[in-house]
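Novice: This is the structure, below, for whatever I ask next.
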Amino acid sequence: MGVESLGVEYLVAAARRAGHEADLLFDPSVFGGHLMWDVPALAAIFSLKKKIIRRTLEEKPDVAAFSCVSAIYHWSLSIAREIRENDPDIKILFGGVHPTAMPDIVIAEDAVDAIILGEADISLPLLLDCWPDGINRDAPGVWWKENGQVIKNELPETVKDLDTLPFPAKDVYFSKAPAFEINYSVIAARGCPNNCTYCYKGIWTVGNTGGPGVRRRSIDNVIEELEPVARRGHAKMIVFRDDIFTLKKKWLAEFTEKYPVKVGIPYFCNTYPLALDSERADMLKESGCVYTTVGVQSADEDQRKNILNRRYKNESVIKTMSLLKERNITVSIDHIIGLPGDTDEILRDAADFYCKLKPDRLLTYWLTYFPGTGIIEKGLECGHLTAEDVEKINAGYVNCLYGGNDRRRKKPSLRKFIVLFSLIPLFGASISKMLARENVFRFIPTSTFFTNIAIALNAVFKRDPFFLYNIKYLFSRKKTP
């Protein structure tokens, strides 16, 4: 639902390589908040859920599999229940981040026959080889029900050599929405060396489902996937989804040697203040990087360290910005608002800091407490969350990517700071500092509509490729299930 999933594409490819037929039923949900627009009324009007249920019942597959982040868990569960009610012979499988974080809750659902925890590249084919006739009791990470009992296999190890995996089955998404290929998503590495409290990657550490260790594809393997993309000529940007693209200098050096010659499409990547120096910045420029994101998340060093477990100084952020902007690489900064400890004073200091940085984009997201993440404990300690709130979060009642999920969204000053942060790249330091003054700040509107206007204006004037892509995707041709 909502976005292209590399995880789904890899699992379809794994199932096909094992000899199984696999396809995708997809709801673009362009107004569901997964990409940019969160308009519940329009999302309901354009929902394809009924068509997905009808197609599933018509196709009558052996297994209906759902890959769930928390934001779409209840959407997936509602479809699973309809399938179970109308055709109990179809086996129903859940996997992904939410079932991995909350396996006992998910497997307890009557409509769910089995779940897979962690990475399922190996487990899914092993399960499908026997299912629905029986269960492979050696499939790692698989939990299933048997005679009223839940059987729990050992947690899986992660795939160490990513080059052994088949390339993701892009056709399942491109056939539904060809516009996906405009920004071709690829991942060159799995895992993250950090353990940020707000991020689901920390679940792997807590659950011991393979750990946070970084595993990287070889350059030749990445090039082999991307050369046909370059030949087709549809992709305008390659979007590397690695958590930290610049982590390994030796890998980046080989990439810089080969990618421009064999692929040559401008690309986007994520970087990190402790994983960028002048040499790596030169390599980004030389290899064709045109856009980066730096996840600052908070401009307050104590808050960043003690609440988010992100351990770097603001001087590192300043240096990173300078290195990228000196090379004319577009830089977007992410900031999370509504963190435990957020005050007007902290956010005013953040506004001053961002004025000095002069980012091309400054995107502000409400803090969303995701199940199993370490920041939930911080939310309980400071009173942002109650025990009842945590129960709801664990049960999957989490809003869309931009929605947040607690009462702090009603605080007017937080909404005003979102508008102010959105205007900083557009108006620059002088006007932004004027807007931050108390006698002017109180007149900033707090409506979501005005916030969206500010974000859109900045995106248009800065010619942000992701915003323009989202516009193209909104009006592009899409195939119903």
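Novice: Within a Cβ distance under 11 Å of residue 26, other residues only, what is the Lys/Arg minus Asp/Glu net charge?
Specialist: Combined, the nearby Lys, Arg, Asp and Glu give +2.
Novice: Find the relative contact order for the chain and round it to a whole percent, using C-alpha pairs within less than 8 Å whose residues are 6+ positions apart.
Specialist: Normalised by residue count, the contact order of the chain is 14 percent.
Novice: Still on this structure: Of 48, 61, 37, which is farthest on the positive side of the dipole of the stretch 1-61, counting Cα position, with +1 on Lys and Arg Cβ, -1 on Asp and Glu Cβ, and the Cα centre as origin?
Specialist: Towards the positive end, the residue furthest out is 61.
Novice: Something else: Angle check, please: helix 6-17 long axis (alpha carbons) against the longest principal axis of the chain (alpha carbons), in degrees 0 to 90, nearest 10.
Specialist: Computed tilt is about 30 degrees.
Novice: Divide by every residue of the chain the summed helix terms, -39500 (n - 2.57) for each DSSP H run of at least 4, and state the resulting mean residue ellipticity at 222 nm, rounded to the nearest 500 deg cm²/dmol.
Specialist: Theoretical 222 nm ellipticity from helices: -13000 deg cm²/dmol.
Novice: Report ³J(HN,Hα) in whole Hz for each residue of the stretch 234-249, in order, from the Karplus equation J = 6.51 cos²θ - 1.76 cosθ + 1.60 where θ = phi - 60°; Gly and Pro get x.
Specialist: Listing the rounded values in order: 8, 7, 9, 8, 9, 10, 7, 8, 4, 4, 9, 5, 8, 5, 10, 5 Hz.
Novice: Can you give me the angle between helix 465-475 and the longest principal axis of the chain, using Cα atoms only, in degrees from 0 to 90, rounded to the nearest 10?
Specialist: Compared with the principal axis, the helix lies near 50 degrees.
Novice: Only four residue types carry charge here, +1 at the Cβ of Lys and Arg and -1 at the Cβ of Asp and Glu. Report the dipole size of the stretch 124-235 about the Cα centre in Debye, rounded to the nearest 20.
Specialist: With Lys and Arg at +1 and Asp and Glu at -1, about 420 debye.
Novice: Ratio to report: Rg/Rh of the stretch 261-365, with Cα atoms as the point set and Rh obtained by the Kirkwood method; give two decimals.
Specialist: In the stretch 261-365, Rg relative to Rh is 1.01.
Novice: Now, a different point. Over all directions, what mean area does the Cα convex hull of the chain project, stated in square nanometres?
Specialist: Taking a quarter of the hull surface, the average projection is 21.9 nm².
Novice: What is the packing order of peptides 26-36, 337-347, taking the mean over residues of other C-beta atoms within 10 Å and listing the highest first?
Specialist: So the order, starting with the most tightly packed, is 26-36, 337-347.
Novice: Once you place label points 7 Å from the Cα toward the Cβ at residue 130 and residue 164, how far apart are they in nm?
Specialist: 2.0 nm
Novice: Mind running the shape call on the stretch 180-289? Use the C-alpha gyration tensor, a ≥ b ≥ c as the square roots of the eigenvalues: rounded below 1.5 for a/c, prolate if a/b tops b/c, oblate otherwise.
Specialist: It is prolate, given that a/c is not under 1.5 and a/b is the larger ratio.
Novice: Output the 0 to 90 degree angle, nearest 10, between the alpha-carbon long axis of helix 314-326 and the longest principal axis computed from the alpha carbons of the chain.
Specialist: 90 degrees
Novice: Now, a different point. Compute the signed sum of charges (Lys and Arg +1, Asp and Glu -1) over the other residues within less than 11 Å, Cβ to Cβ, of residue 138.
Specialist: My count for the surroundings of residue 138 gives -1.
Novice: How large a share of the accessible area of the chain, in percent, is made up of carbon and sulfur atoms when the probe is 1.4 Å and the other protein chains stay in place?
Specialist: 53 percent
Novice: While we're looking at this one, here's another question. Need the C-alpha centroid separation for the stretch 141-163 versus the stretch 89-131, integer Å.
Specialist: If you average the Cα positions of each part, the centres end up 8 Å apart.
Novice: To continue, here is another question. Quick query: amide H of residue 114 versus all other amide H atoms, modeled in the peptide plane; which residues come in under 5 Å with a sequence gap of 5 or more or a different chain?
Specialist: 92, 94
Novice: While we're looking at this one, here's another question. For residue 50, give me every one of the aspartates and glutamates with a C-alpha distance below 16 angstrom, ignoring sequence neighbours fewer than eight places off in its own chain.
Specialist: 27, 58, 59, 82, 85, 87
Novice: Of the options 338, 6, 189, report the single residue whose Cα projects farthest towards the positive end of the charge dipole of the chain (beta-carbon charges: Lys, Arg +1; Asp, Glu -1).
Specialist: The residue sitting most towards the positive pole is 338.
Novice: Might you report the magnitude of the Cβ-based charge dipole of the chain about its Cα centre, with Lys and Arg at +1 and Asp and Glu at -1, to the nearest 20 debye?
Specialist: Dipole of the chain, to the nearest 20 debye: 1860 debye.
Novice: Could you tell me which of rounded, prolate or oblate describes the stretch 43-102, using a ≥ b ≥ c as the square roots of the eigenvalues of the alpha-carbon gyration tensor, with rounded for a/c under 1.5 and, failing that, prolate when a/b is larger than b/c and oblate otherwise?
Specialist: In terms of gyration-tensor shape, oblate.
Novice: Also, I was wondering about something else. So for the stretch 319-401, considering every pair of alpha-carbon atoms, how many percent are separated by more than 14 Å?
Specialist: Here the tail beyond 14 Å accounts for 70 percent of pairs.
Novice: Between residue 380 and residue 149, what is 0.36 nm times their sequence separation minus the Cα-Cα distance? Round to one decimal in nm.
Specialist: Result: 79.8 nm gained on full extension.
Novice: What nm distance separates the two modelled labels at residue 138 and residue 89, each placed 7 Å from Cα along Cα→Cβ?
Specialist: Simple spin-label model gives 3.0 nm for this pair.
Novice: Enter the Cα centre distance for the pair the stretch 19-48 and the stretch 294-350, rounded to the nearest angstrom.
Specialist: Between the Cα centre of the stretch 19-48 and that of the stretch 294-350, the gap is 32 Å.
Novice: Using a Förster distance of 22 Å, how high is the FRET efficiency between residue 42 and residue 460, based on the Cβ-Cβ distance and rounded to 0.05?
Specialist: Plugging the Cβ-Cβ distance into 1/(1 + (r/R0)^6) gives 0.55.
Novice: Near residue 49, which lysines are there with a Cα under 18 Å away, not counting those fewer than 8 places off in the same chain?
Specialist: 60, 176, 478, 479
Novice: Find the all-direction average of the projected area of the Cα convex hull for the stretch 1-156, expressing the result in square nanometres with one decimal place.
Specialist: Convex hull of Cα atoms, orientation-averaged projection: 8.8 nm².
Novice: Once you order the gyration tensor axes a ≥ b ≥ c over the Cα atoms, which shape class does the stretch 327-481 get: rounded for a/c under 1.5, otherwise prolate or oblate by comparing a/b with b/c?
Specialist: Cα axes put the stretch 327-481 in the oblate bin.
Novice: Express in nm, to one decimal, how much length is gained between residue 253 and residue 227 on full extension, taking 0.36 nm for each residue of separation and deducting their alpha carbon distance.
Specialist: 7.5 nm
Novice: In a shell of Cβ-Cβ distance under 13 Å around residue 199, excluding residue 199 itself, what net charge do Lys and Arg (+1) and Asp and Glu (-1) give?
Specialist: Cβ neighbours under 13 Å give a net charge of 0.
Novice: Also, I was wondering about something else. If you restrict to DSSP beta bridges whose two residues both lie in the chain, what percentage is antiparallel, to the nearest 5?
Specialist: 25 percent
The values are calculated or read from the model by the stated rules, or taken from the named source; none is laboratory data. Since the model is a prediction, treat every value here as computed from it, not as a measurement. Here Cβ is always computed from backbone atoms with ideal geometry, including for glycine, and neighbour counts include all displayed protein chains. Just the protein is used for accessible areas: all its heavy atoms, side chains included, with ligands, DNA and RNA removed. Shrake-Rupley method; radii C 1.70, N 1.55, O 1.52, S 1.80 Å.
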